Amino acid sequence: MKHYRMILATLFVALIAFTGLTAQQDKSQSQPKTTEHLKFMGIPIDGSPEAFANKLKSRGFTLEDPFSPNVIWMTGTFAGVSNSDIFIYKYPSSTNVYKVRVVFPAQDSWSQIETRYKKFKDWLSQKYLLIKSTEEFQGYPPSSDSDKMRKLILDNCTYLCKYGAGSSEGDFLGTIYLAIQSNSSTYSEGYVAIEYQDYLNGVKAEQGFLDDL
């Protein structure tokens with residue numbers, strides 16, 4: 001009986017060792033193989049949000065009131081559209097910026113919003129790989145501009161594109177999202193937004209959360 005327990009104990013230790021080794025192998029295989037970052041306006045999405053904001057300052061963007069401890073808010077001209085809002089994000093567990101979001105000025109006409117959306121969809125599709133595109137209204141099909149705006153405001157509208165960005169060596173650098181969204185502050189307008197998410201810093205921040213577990 002004692003010999004049997006020793007065998008079980010030995011097998012248990014071996015199982016733990018094997019499981020730990022497998023986990024380490026899976027972890028190493030999931031680590032990013034690139035050191036290059038996704039770029040926003042030619043600026044790598046990396047470093048502290050303050051340093052990133054200073055680079056945008058040199059391009060004419062101005063700081064607004066603090067949005068939150070983990071978000072910097074700026075305004076300026078992006079891709080020819082003035083008064084655009086730029087939001088620079090970092091995870092609470094990280095010191096590096098991982099996401100930049102552009103929010104274009106709100107509009108109260110669906111045709112104007114859709115025209116802007118289609119223009120940026122065409123431009124982004126020339127530079128990045130279009131992974132998914134969903135453009136639909138839920139419920140009854142709207143026929144007029146006002147019906148489409150009503151659908152948008154009631155959150156019965158999905159206009160969303162997802163793009164993948166890669167390096168010249170074929171490494172994955174990040175994801176870009178293009179979307180039409182409603183303005184919750186007015187409930188009468190909508191806007192187009194583009195979001196750039198860096199892969200490398202996103203993975204590092206997620207690892208910081210896992211280390212807490």
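Considering segment 171-213, and only residues there that are modelled with pLDDT under 80 and among the small types (Gly, Ala, Ser), the residue that is surrounded by the most Cβ atoms within 10 Å (Cβ to Cβ) turns out to be 205. Annotation note: of 200, 173, the sole residue that is touching a His at 6+ places or on another chain (Cβ under 8 Å), of a type outside the set (Ser, Thr, Tyr), part of a helix (DSSP H, G or I) and assigned by TED's automatic domain parsing to the domain that holds residue 123 is 200. Scanning segment 115-145 for residues that are part of a helix (DSSP H, G or I) and touching a helix residue (DSSP H, G or I) at 6+ places or on another chain (Cβ under 8 Å) turns up just one, 145.
Taking residues in segment 189-205 that are closer than 30 Å to residue 153 by Cα, and partners anywhere that are basic (Lys, Arg), the pairs with Cβ atoms closer than 6 Å and at least 6 places apart or on different chains are 192/116; 195/101; 197/99. A search for C-beta distances below 7 Å between a residue of segment 167-178 that is on the phi > 0 side of the Ramachandran plot and any residue that is of a type outside the set (D, E, K, R), counting only pairs 6+ apart in sequence or on different chains, returns 174/38; 174/165; 174/196; 174/197; 174/199.
From the list 148, 99, 121, 127, the one residue that fits, being over 27 Å from residue 71 (Cβ atoms) and basic (Lys, Arg), is 148. Every listed requirement among (1) touching a Lys or Arg at 6+ places or on another chain (Cβ under 7 Å); (2) polar (S, T, N, Q); (3) surrounded by fewer than 14 Cβ atoms within 10 Å (Cβ to Cβ) is met by residue 112 save one, (1).
The values are calculated or read from the model by the stated rules, or taken from the named source; none is laboratory data. Please read all numbers here as calculations on a predicted model, not as lab measurements. Note: ideal-geometry Cβ built from the backbone for every residue, glycine included; neighbour counts use all protein chains shown.
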